Amino acid sequence: MRKKIVAGNWKMNKTLEAGVQLATEVVNIAESELNNGATVVLCTPAIHLSAVAGVLKSGKKVSLGAQNIYQKESGAFTGEISAEMVKSVGAGYVILGHSERREYFSETNAQLAEKVNLALKYNLTPIFCCGETLAQREAGIHIDFVKSQLSESLFHLSPEDYAKVVIAYEPIWAIGTGVTATSQQAQDMHKELRTHLASKYGKVGENTSILYGGSAKPSNAKELFSQPDIDGGLIGGASLVARDFIDIAKAF
Ligand code: 13P
């Protein structure tokens, strides 16, 4: 089923104290104002997950996610965090393949396929990110590029496993730049991706929730979410302000 989802990606922001305060504000506003059935997820820094899990227990409308996991189950990987650990602190989601991780940590489609497998093994819903650079868009290769990100990391999955995946299309040129893709640019790509997913997984592929990310904010969320193939958003900067974040979730 195509769920309406708004997920906040806090990236590397907020001390523990500030993060707990932000999560508390998000829960309070969501509990009193959010009635449209949207699923709201907070993807916090890993070190905040346990504490924020405690905060989220005071309501029912906000879920917890991580921003990454390592591509191995366990063992001698100093500094890394496993899918099982993320699950054990109460998260239900994990962002995988964000463009910042692909760029700064050289994550490849093959590594991401392994991360997707582990996320699913431990019952974490992957929010799988894809998106092109401005140069790729200007060269006219953006659609094929983004399709290949999906096929190379996801198309080994069985339909049953694939059905649990959420996609986030985040054009790199729109992330943190204040330049949002126009609703038409986003819709066009989402439609291409849905067709691509349906060509592999049929109805299951067609029913994928595909989120848009890149300078989404309260003032443009309504127009983005009204597009037929946009099922929600993955929100960076605006997720750091509780009022703005929930106003985005209310925009369906
Ligand atoms: P901004 O909303 O800050 O552009 O970030 C988008 C993003 O990268 C979410 O994962």
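Quick notes on this structure:
- Residue within segment 17-28 that is under 21 Å from ALA216 (Cβ atoms), surrounded by fewer than 23 Cβ atoms within 10 Å (Cβ to Cβ), within 18 Å of the chain's Cα centre (by Cα) and touching a residue at least 40 places away in the same chain (Cβ under 8 Å) present: no
- One residue stands out in segment 222-239 among those that are under 16 Å from THR177 (Cα atoms) and out of contact with any strand residue (DSSP E or B) (no Cβ under 6 Å at 6 or more places or on another chain): the one that is surrounded by the most Cβ atoms within 10 Å (Cβ to Cβ), namely ALA238.
- Within segment 223-239, being of a type outside the set (D, E, K, R) and either more than 7 Å from the ligand (Cβ to nearest atom) or in contact with a Ser or Thr (Cβ under 9 Å, 6 or more places away or on another chain) (or both) holds for LEU224, PHE225, SER226, GLN227, PRO228, ILE230, GLY232, GLY233, GLY236, GLY237, ALA238, SER239.
- Residues located in segment 187-216, provided they are within 28 Å of MET12 (Cβ to Cβ), in contact with a Gly (Cβ under 8 Å, 6 or more places away or on another chain) and not in a strand (DSSP E or B): SER209, GLY214, SER215, ALA216
- Scanning segment 185-212 for residues that are open to solvent by 40 Å² or more (accessible area, probe 1.4 Å) and in contact (Cβ under 8 Å) with a residue 24 or more places away in the chain yields LYS191, GLU192, LYS200, VAL204, ASN207.
- Taken over segment 39-55, the criterion of being outside any strand (DSSP E or B), buried (at least 22 other Cβ atoms within 10 Å of the Cβ) and out of contact with any Ser or Thr (no Cβ under 7 Å at 6 or more places or on another chain) is satisfied by THR44, HIS48, LEU49.
The values are calculated or read from the model by the stated rules, or taken from the named source; none is laboratory data. Note that this is a predicted model, so its numbers are computed, not measured. Here the Cβ is made from the backbone with ideal geometry for all residues, glycine too, and neighbour counts use every protein chain on show. These area figures cover heavy atoms from the full protein model, side chains too; ligands, DNA and RNA do not enter into them. Shrake-Rupley method; radii C 1.70, N 1.55, O 1.52, S 1.80 Å.
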